[in-house]
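S.K.: Sharing a structure here in structure tokens format.
Derivation of every value follows stated rules applied to the coordinates shown; laboratory data play no part. On a predicted model such as this, the values are computed, not experimentally measured, just so you know. Every residue, glycine as well, gets a Cβ built from its backbone with ideal geometry; the counts of neighbours run over all protein chains shown.
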Amino acid sequence: MSDWERSSTERVIAPARPRKLAKVPFVELADGRLQGVVSSGSDIERVYVSSVLVGTYAFACSTNNNRPCGGARGSFCNHIRALISEAVLQYGAERVARYLRVETVDGEPSAQTIADVMSNTRPSQGDTKAAAPVFSRFLRHLAYLELAPSTAPLPEMQWFPPTRGVA
Amino acid sequence: MRADLLSEPIAGLDEALAAVDGFDQALVAGLLRPQPAQAAGLTELAHAVAGTPLAARVAEAAEKTAAGAASEDHFIALAAARTALLGSVHDALVSRLDEAFGRTRSEETAPQAAERQAANLLVAARSWLSDLARSGWQGIDHDVISGSAQVVSAMLPDPALRRLATLLDGFAAELAASCPGTSLERVPVRRWGDLWSRAMLLTLPGAAEEPATGTATGRLLPLGVDLQEHATAVQAQVHAVFEPVGGAVSRVVRASVSVPKPDTVVGAGLWQLLRPHMSLLAALGEGRSMDLVGMPVTAEGDLVWSDEQARPGEPADAFATARVALPTATDAVTAPLDRHPARIAVPVFLEGYVAQTDDDALSFAVAGHPLIVDTDRIPSAGPLTPEAVAASGACIGLLRWDAGTYRVQPLAVETTVRKKAVAIHAGGWAGGTTDKAGVKAEKAATDAVAVLRERAGRLLRK
């Protein structure tokens, strides 16, 4: 076995890169989708739940009250484009491209090229069935702020050292 | 210090690890219907514990598992065997360290946890872990992994289940990022074997309990802080020397504070989450000792911190503590279940070494013997850098062991900046900072948390 395979404390996923959260408070690569939540520019109470499917790039965008997004008719809306940009900031373009199975032709992928490659395949508009589970994952994510700290030792964290590397 | 001892082979170590590897390889392919090669790995594990009280149970578990007829109890027995083997590896590595550094270790033993009723959530966690073992790392997909989310969410708010919940949360995130298993180019074989076995044993009621066995009254002299994080949790552990009032022998102790977090809170944001809950972080930043009165402490040397039991004391230089107080302080024993090489973190003081950089890897040559320096563990939100470590003349660090070698994790160094001798601490920003880069990082982190709190205020509980 290699040293990497024999290591107990190798970091398997790099920590998220810091980014501003005001526009896109939540983005994740999970459940076979790039998915997240985008704040509405006009209504502070409203958020859009947006997602792009891995491989087929089928996309969906609707409000948390399940009203369809006006911009996501036939092609990516601005919410989905913002979601892709912020995913690239948080996880790095390479990881996002690999996850979505996007092959950029020349050079390093960027948020722009990833969005363009996907959009050029004329992806279909998916249904908004995913909106509810994505929104509940966002609420679960927010709920982490409400959990109490503890001063009892957590020996399991010895397996999770910090790293200077980022995504 | 006898650096030569750290590179000398330890009798039996390779054999014990080979038995662990055999089992870990079986987990790669999965335990649903093990092939002959995997079955051999299971048998090897059983043979390795044949002379122990676990022998009969593990032999039966290996046999049933090889035949594809294992129950959850059989998986527990296998996890116990693997844990016991690594426990013996831990003990051998620690006694070698004690010999090399001339350290004394307490003889106090950790109390046995009382048997408890099995909680439903523990049963649910065990069932998920069993499914995971059956699919194997190559068989994981989003369906298997998502089964953990509900269990973790339900466990996190309960302090008694926090250890298992935090472990499962970090483990599941790694597995989810590695799906589907069929397209994995490489597997962190030992690591996932560790996380799986440990989680499995923590589903046994009472296994996660490490009760306080006494109280500490006296002076606490901090050495440095070790930060640990995964996407949704962070822990800071302050390593310190405790001098009891009345002149009893001083002890090496730790004080920990941890909190779950959203994955977008990183860098300086980690200190911000932890800072309000342990005044020791501020004392550490200011280079102060603390006076403790009746602070609960476990047999493992873990202070169970409460700000009411501590007040700021006199200024105390960590390097003076490391030079004068550390050599005579007694190290604590490790709780039986925590005996694992990854758990080794012995505070040491090094000086008179020659720093060498080879292929980007830094090592300290101590009396001609190179000791790897784990610079990647220096938190990015702090003033200490790998360059400062490479230019240092003295170092407070944690002696660790991973992937077959001892290594030192720097907590603080003495170095020369513009012809002036200075001490730089990895946890220099733990209590806050006026450093320009630090202030900027703190501001960004404050903004991130403010946005999330605002969103949570509007969207949660609706």
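S.K.: Given +1 on the Cβ of Lys and Arg, -1 on the Cβ of Asp and Glu, and no further charges, what dipole in debye does region A:20-136 carry about its Cα centre, rounded to the nearest 20?
M.R.: Values: 12 positive and 11 negative charges, 55 e Å.
The calculated dipole for region A:20-136 is roughly 260 debye.
S.K.: R0 = 25 Å: FRET efficiency of A:Ala14 with B:Leu184, Cβ-based, nearest 0.05?
M.R.: Values: r = 17 Å, r/R0 = 0.67.
That gives a FRET efficiency of 0.90.
S.K.: Principal axes first, then extents: for the Cα atoms of region B:299-411, list largest minus smallest coordinate on each axis, whole Å, largest first.
M.R.: Cα extents, longest axis first: 48, 37, 30 Å.
S.K.: Right, something else. For region B:135-242, what does the alpha-carbon gyration tensor say about shape, rounded, prolate or oblate, given a ≥ b ≥ c as the root eigenvalues, a/c under 1.5 as rounded, and a/b over b/c as prolate?
M.R.: On the way: a/c = 2.63, a/b = 1.90, b/c = 1.39.
Here region B:135-242 falls in the prolate category.
S.K.: On full extension of the chain, what length is gained from B:Ser7 through B:Ala56, given 0.36 nm per residue of separation minus the C-alpha to C-alpha distance? Write down the numbers at each step before the final one.
M.R.: On the way: separation 49, 0.36 × 49 = 17.64 nm, distance 3.60 nm.
That works out to 14.0 nm of additional length.
S.K.: Which ordering of A:Arg140, B:Arg198, A:Arg101 is given by a fewest-first count of other beta-carbon atoms within 10 Å?
M.R.: Values: A:Arg140 16, B:Arg198 25, A:Arg101 11.
Going from sparsest to densest Cβ surroundings: A:Arg101, A:Arg140, B:Arg198.
S.K.: Considering Cα pairs under 8 angstrom that are at least six residues apart, work out the relative contact order of region B:365-462 and quote it in whole percent. Please list the in-between numbers first.
M.R.: Values: 118 pairs, mean separation 23.9, N = 98.
Contact order relative to length: 24 percent.
S.K.: How big is chain B by the Kirkwood estimate over distinct Cα pairs, in Å?
M.R.: Details: mean 1/r = 0.0423 Å⁻¹.
Computed over chain B, the radius equals 23.6 Å.
S.K.: Taking B:Lys443 as the anchor, which lysines have their alpha carbon closer than 21 Å to its alpha carbon, excluding any fewer than eight residues away along the same chain?
M.R.: Candidates past the 8-residue exclusion: A:Lys20, A:Lys23, B:Lys261.
S.K.: Sticking with this one: Which part of region B:391-434 falls in the paramagnetic zone of B:Thr385, meaning amide N under 12 Å from the point 7 Å along Cα-to-beta-carbon?
M.R.: Within reach of a label on B:Thr385: B:391.
S.K.: For chain A, find the longest principal axis of its Cα atoms and tell me its angle to the long axis of helix A:131-143, 0 to 90°, nearest 10.
M.R.: 40 degrees
S.K.: A follow-up question, please. Taking the Cβ of each residue in A:Tyr91, A:Tyr99, B:Tyr406 as the centre, tally the other Cβ atoms inside 10 Å and list the residues starting with the fewest. Mind showing how you got there, number by number?
M.R.: Details: A:Tyr91 25, A:Tyr99 17, B:Tyr406 20.
The fewest-first ordering by Cβ neighbours comes to A:Tyr99, B:Tyr406, A:Tyr91.
S.K.: If contacts are Cα pairs under 8 angstrom and at least 6 residues apart, what is the relative contact order of region B:212-328 in percent?
M.R.: Values: 241 pairs, mean separation 37.7, N = 117.
Computed value for region B:212-328: 32 percent relative contact order.
S.K.: Could I ask something else about it? How many partner chain Cβ atoms sit within 10 Å of a residue's Cβ in peptide A:135-145, on average, as a whole number? Walk me through the numbers before you get to the answer.
M.R.: Details: counts 1, 1, 1, 4, 6, 7, 7, 9, 8, 14, 12.
Other-chain Cβ atoms within 10 Å of each residue's Cβ, averaged: 6.
S.K.: Using only the alpha-carbon atoms of region B:402-462, report the extent along each of the three principal axes, biggest first, to the nearest angstrom.
M.R.: So the three principal-axis extents are 56, 38, 14 Å.
S.K.: Using Cβ contacts closer than 10 Å as the measure, can you line up A:Ser50, B:Ser95, A:Ser119 from fewest to most?
M.R.: B:Ser95, A:Ser119, A:Ser50
S.K.: Here's a follow-up. Which FRET efficiency value, to the nearest 0.05, is calculated for B:Thr213 and B:Lys436 with the Förster distance at 51 angstrom and r the Cβ-Cβ distance?
M.R.: Details: r = 45 Å, r/R0 = 0.89.
The calculated FRET efficiency here is 0.65.
S.K.: Then there is this: Mind checking which aspartates and glutamates have their Cα closer than 15 Å to the Cα of B:Lys64? Skip sequence neighbours fewer than 8 apart in that chain.
M.R.: B:Glu44, B:Glu72, B:Asp73
S.K.: Please list, ordered by chain and number, the residues whose modelled amide H lies under 5 Å from the amide H of B:Leu371; skip anything fewer than 5 residues away on the same chain.
M.R.: The answer is B:Phe364, B:Ala365, B:Val366.
S.K.: If you don't mind, another one. Run through every distinct alpha carbon pair of region B:212-328 and return the Kirkwood hydrodynamic radius in angstroms, one decimal place. Show your work: numbers first, answer last.
M.R.: On the way: mean 1/r = 0.0689 Å⁻¹.
Result for region B:212-328, one decimal place: 14.5 Å.
S.K.: Just from its helices, what would the mean residue ellipticity at 222 nm be for chain A, if runs of 4 or more DSSP H residues each count -39500 (n - 2.57) and the sum is divided by every residue, rounded to the nearest 500 deg cm²/dmol?
M.R.: Details: 5 runs with 49 residues, N = 167.
My calculation for chain A gives -8500 deg cm²/dmol from helical runs alone.
S.K.: A further question on this structure: Please compute the contact order of chain B in relative form: average sequence separation of alpha-carbon pairs under 8 Å and at least six residues apart, divided by the residue count, as a percent. Could the numbers behind the result be given before it?
M.R.: Working: 866 pairs, mean separation 65.8, N = 462.
So the answer I get is 14 percent.
S.K.: Bin by bin, in steps of 5 Å, what percent of the Cα pairs in region A:20-136 do you find, going until the bin that has the longest distance?
M.R.: Going out from 0 Å in 5 Å bins, region A:20-136 shows 2, 13, 26, 26, 19, 10, 3, 1, 0 percent.
S.K.: Return the long-range amide H neighbours of B:Arg407 (sequence gap of 5 or more, or a different chain), with a cut-off of under 5 Å between placed amide H atoms.
M.R.: So B:Arg407 has HN proximity to B:Arg400, B:Trp401, B:Asp402.
S.K.: Could you work out [θ]222 nm for chain B from helices alone, using -39500 (n - 2.57) per DSSP H run of at least four and dividing by all its residues? Round to the nearest 500 deg cm²/dmol.
M.R.: Working: 13 runs with 180 residues, N = 462.
Roughly -12500 deg cm²/dmol at 222 nm, from the helical runs in chain B.
S.K.: Net charge around A:Gln90, counting only other residues with Cβ within less than 12 Å of its Cβ (Lys, Arg = +1; Asp, Glu = -1)?
M.R.: Around A:Gln90, the surrounding residues sum to +1.
S.K.: Along the charge dipole of region B:310-375, Cβ charges K/R +1 and D/E -1, which of B:Pro315, B:Ala367, B:Ala342 sits furthest on the positive end?
M.R.: Positive-most Cα among the choices belongs to B:Pro315.
S.K.: Let me ask something else. How charged is the neighbourhood of B:Gly313? Take every other residue with its Cβ under 10 Å from the Cβ of B:Gly313, and add Lys/Arg as +1 and Asp/Glu as -1.
M.R.: Net local charge, B:Gly313 excluded: +1.
S.K.: Can you pull the Kirkwood radius for the protein assembly as shown, inverse mean 1/r over Cα pairs, to one decimal in Å? Before the final figure, lay out the partial values.
M.R.: Details: mean 1/r = 0.0388 Å⁻¹.
Result for the protein assembly as shown stands at 25.8 Å.
S.K.: Average partner chain C-beta neighbours within 10 Å, per residue of A:13-25? List each step's numbers first, then the result.
M.R.: On the way: counts 9, 2, 9, 7, 3, 13, 4, 5, 11, 6, 1, 1, 9.
That average works out to 6.
S.K.: Something else now. In peptide B:260-272, how many Cβ atoms from other protein chains are near each Cβ within 10 Å, on average? Each step should come with its number before you reach the end.
M.R.: On the way: counts 8, 4, 10, 8, 15, 5, 8, 6, 1, 1, 2, 0, 0.
If you average over the peptide's residues, the count of other-chain Cβ atoms is 5.
S.K.: With +1 assigned to the C-beta of every Lys and Arg and -1 to the C-beta of every Asp and Glu, and no other charges, what is the dipole magnitude of region B:212-328 about the Cα centre in debye, to the nearest 20?
M.R.: Values: 8 positive and 12 negative charges, 21 e Å.
Its charge dipole is roughly 100 debye.
S.K.: Which stretch or stretches of region A:3-42 have amide N atoms under 11 Å from the point lying 7 Å from A:Arg140's Cα along the Cα→Cβ direction?
M.R.: The answer is A:31, whose backbone nitrogens lie closer than 11 Å to the label point.
S.K.: Moving on. Could you tally the net charge around B:Ser183, taking each other residue with its Cβ under 15 Å from the Cβ of B:Ser183, Lys/Arg +1 and Asp/Glu -1?
M.R.: Net of charged neighbours comes to +2.
S.K.: Specify which residue in the list B:Pro327, B:Val449, B:Ala29 is farthest towards the positive end of the charge dipole of the protein assembly as shown, using unit charges on the beta carbon of Lys, Arg (+1) and Asp, Glu (-1), about the Cα centre.
M.R.: B:Val449
S.K.: Between B:Glu108 and B:Asp91, with labels modelled 7 Å along Cα→Cβ, what's the label distance in nm to one decimal, could you check?
M.R.: 2.1 nm
S.K.: Calculated FRET efficiency, B:Glu286 and A:Arg67, Cβ-Cβ r, R0 60 Å, to nearest 0.05? Write out the running numbers ahead of the final one.
M.R.: Details: r = 53 Å, r/R0 = 0.89.
Working from the Cβ atoms, E equals 0.65.
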